[in-house]
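Comments concern the structure below.
The values are calculated or read from the model by the stated rules, or taken from the named source; none is laboratory data. Fair warning: this is a prediction, and the values are worked out from it, not measured in the lab. Note that each Cβ is placed from the backbone with ideal geometry, even for glycine, and that neighbours are counted across all protein chains shown.
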Amino acid sequence: MTQSKNTPQVQAPKVDEYLQELATIQQTGAKRIAILGSRHVPLTHQHLIEMMSYALVVSGNRLMTSGATGTNAAAIRGAMRADASLLTVVLPQSMERQPRESREQLEQVMHLVEKPENDQLSLAEASALCNREIISRCQQLVCFAFHDSQTLLKTCREAEEQRKVVTVFYFD
């Protein structure tokens, strides 16, 4: 059977990618799950993110996030309530560069990774590097973003390229 010039070529799915994703989804043991998202999140949404992170940690999963306000702060609150030992927070820069309102919460985190070597970078650049490190350490990414959240959506694409299971919730 021949295809006409106007018929689009359909790329055969990469079976190994689907099998790896299926294996991750079906895994019954604990997973390393990253939660990342926008700083600008309504309180009702923060509460839902907090409940979800609490449930994930109570289920025995290890949770990773960054230290920003909004989504990440809500994920930290939920994980800390469930089991602080199953939470790792990777900061894009040193603790001194974090907003004052975040520092008190971050000082309570048992597994905190600071990146003072990124203090000279812009927050956007440091956040992109931080997000890369987080996705390299996780099996699954849950992201809360707006459709114009370029850094977060780029992180999601990078996670997909690394064959991570990625779930994106859009606020808009």
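Details
- A single entry from Thr2, Thr44, Thr69, Thr7 fulfils the requirement of being surrounded by 12 or more Cβ atoms within 10 Å (Cβ to Cβ) and either modelled with pLDDT under 60 or within 30 Å of Glu125 (Cα to Cα) (or both): Thr69.
- When restricted to residues that are in contact (Cβ under 8 Å) with a residue 40 or more places away in the chain and assigned to a helix (DSSP H, G or I), region 129-158 contains 8.
- Any hit, region 85-104, residues being at pLDDT 95 or above and farther than 26 Å from Leu43 by Cα: yes
- Test: residue in region 159-172 that is in a helix (DSSP H, G or I), free of Cβ contacts under 8 Å to residues at least 40 places away in the same chain, over 21 Å from Asp83 (Cα atoms) and not small (Gly, Ala, Ser): yes
- If you check Ala126, Ala79 for being part of a helix (DSSP H, G or I) and either of a type in the set (Phe, Trp, Tyr) or closer than 23 Å to Lys154 by Cβ (or both), only one passes: Ala126.
Residue-by-condition table, conditions (1) polar (S, T, N, Q); (2) part of a loop (DSSP other than H, G, I, E, B); (3) touching a Phe, Trp or Tyr at 6+ places or on another chain (Cβ under 7 Å):
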position: His45; (1), (2), (3): no, no, yes
position: Met52; (1), (2), (3): no, no, no
position: Met64; (1), (2), (3): no, no, no
position: Ala74; (1), (2), (3): no, no, no
position: Ser85; (1), (2), (3): yes, no, no
position: Gln105; (1), (2), (3): yes, no, no
position: Leu112; (1), (2), (3): no, no, no
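Conditions (1) surrounded by 13 or more Cβ atoms within 10 Å (Cβ to Cβ); (2) out of contact with any strand residue (DSSP E or B) (no Cβ under 7 Å at 6 or more places or on another chain); (3) of a type in the set (D, E, K, R), marked per residue:
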{"site": "Leu87", "(1), (2), (3)": "yes, no, no"}
{"site": "Ser102", "(1), (2), (3)": "yes, yes, no"}
{"site": "Glu114", "(1), (2), (3)": "yes, yes, yes"}
{"site": "Arg157", "(1), (2), (3)": "no, yes, yes"}
